[in-house]
Amino acid sequence: MEYFIDSGDKLAIIEYPITQFFLLLVLMILIAIELILASIENIMFQTLTEEGKERYLEAKSKKFEWTWAKNLMAKLTKSRSIEREGEIVLDHNYDGIRELDNVLPPWWVYLFYATIVFAVVYLVRFHIIGEYDQKLEYEQEVAAAQLAIEEYKRTAKDLVDASTVEFLSDDSDLAAGEKIFQANCVACHMADGGGGIGPNLTDKYWILGGGIKNIFTTISEGGRDGKGMIAWKQTLKPVEMAQVASYVMTLGGTTPANPKEAEGEIWVDPNAPEETNGTESETEETAPEEMEQAVDSTNVAMN
């Protein structure tokens, strides 16, 4: 059932409770079948003669044996039964202890041959051809593991920290961040982010730096020593701090009802692409043309 039902990361019996009812139904059917078979067996047993009953009970009392398993074990070990040990006994006698001339178990012999083949392949591959060595193999495995770790950290939100946090643009994350903000931050920053006891979050001025990484760090570690916001890392999960930090960034540029005066300094993202001003370029490009026209006009006037 687990093989045929796609239930994601959860077990099918947990994701789909109807499957529990199905399993219970199957169990009840199996119990009913066993009861019916036992009743039929009892009825048929009563119809037998006394001699037949004895033969039936004798046959039923015999233990079941895995014949094929016993034959396979005999082939793999080639061991002799106690009754046949006299065929392989040696003349050596040590205080009544007799030595048997048993052959090596075939499974051990085959394993020994396999190690010889492995050694030959290993010798040719690493010492003759020189495809790669253990150091290179180790470095490749470490590099692959490092990529896997980075990918896991990137997708596992609960492992996010100030160095790996990124702006969460999904509506679900922003909605969760707004909910956290309304529950914990409005007392100091107001519902619209305009600021109260805490600073205004809608302008370009930041006391401890803007951007998702700085905001995340401020939420996690708290504000300035002795004053400012408390550290929320003991209360909020990393993913929750990333969500509320992303929501705070969406408040930038909005118009609060009663904005607080700016505090701190204007923060410019050092990783943001530089903006080019076309006016200056046009001035630099057109200046030589205007100068050339002025020179031509002067020459005409002089002539």
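The values are calculated or read from the model by the stated rules, or taken from the named source; none is laboratory data. All values reported here derive from a predicted model rather than from experimental measurement. Using ideal geometry, Cβ is built from the backbone for each residue, glycine included, and neighbour counts are taken over all protein chains shown.
Pairs, please: C-beta under 8 Å, at least 6 apart or cross-chain, first residue assigned to a loop (DSSP other than H, G, I, E, B) and in the stretch 1-16, second of a type in the set (A, V, I, L, M)?
Sorted first by the residue in the stretch 1-16, then by its partner, the pairs are MET1/ALA12; MET1/ILE13; MET1/LEU23; GLU2/LEU11; GLU2/ALA12; ILE5/ALA12; SER7/ILE14; TYR16/ILE5.
Which of the residues spanning the stretch 34-90 are of a type in the set (Ser, Thr, Tyr) and closer than 30 Å to PRO106 by Cα? Give the derivation first.
Within the stretch 34-90, the subset of a type in the set (Ser, Thr, Tyr) is 39, 47, 49, 56, 61, 67, 77, 79, 81.
Within the stretch 34-90, THR67, THR77, SER79, SER81 qualify.
Can you tell me which condition TYR94 does not meet? The list is (1) touching a Leu at 6+ places or on another chain (Cβ under 6 Å); (2) surrounded by fewer than 10 Cβ atoms within 10 Å (Cβ to Cβ), and all the others hold.
Every condition holds for TYR94 apart from (1).
Tell me, yes or no, whether the stretch 116-124 has at least one residue that is at pLDDT 85 or above and of a type in the set (Ser, Thr, Tyr).
Here is the first cut: in the stretch 116-124, the residues at pLDDT 85 or above are 116-124.
Those left that are additionally of a type in the set (Ser, Thr, Tyr): 122.
Yes, that holds for at least one residue.
Looking at SER220 and the list (1) in contact (Cβ under 8 Å) with a residue 12 or more places away in the chain; (2) under 22 Å from ASN258 (Cα atoms), which single condition is not satisfied?
(2)
Condition check: in contact with a helix residue (DSSP H, G or I) (Cβ under 7 Å, 6 or more places away or on another chain) and not basic (Lys, Arg). Does ASP158 satisfy that? Lay out the reasoning, then the answer.
Numbers: in contact with a helix residue (DSSP H, G or I) (Cβ under 7 Å, 6 or more places away or on another chain): yes; not basic (Lys, Arg): yes.
Answer is yes for this residue.
Would you tally the residues in the stretch 165-210 being of a type outside the set (D, E, K, R) and in a loop (DSSP other than H, G, I, E, B)?
So the first thing to find is which residues in the stretch 165-210 are of a type outside the set (D, E, K, R), and the list is 165, 167-169, 172, 174-177, 180-191, 193-202, 205-210.
Filter again for in a loop (DSSP other than H, G, I, E, B), leaving 165, 167-169, 185, 190-191, 193-202, 207-210.
Total meeting the criteria: 21.
With the checklist (1) under 29 Å from ALA156 (Cβ atoms); (2) at pLDDT 90 or above in hand, flag the one item GLN234 doesn't pass.
Going through the list (1) under 29 Å from ALA156 (Cβ atoms); (2) at pLDDT 90 or above, GLN234 breaks only (2).
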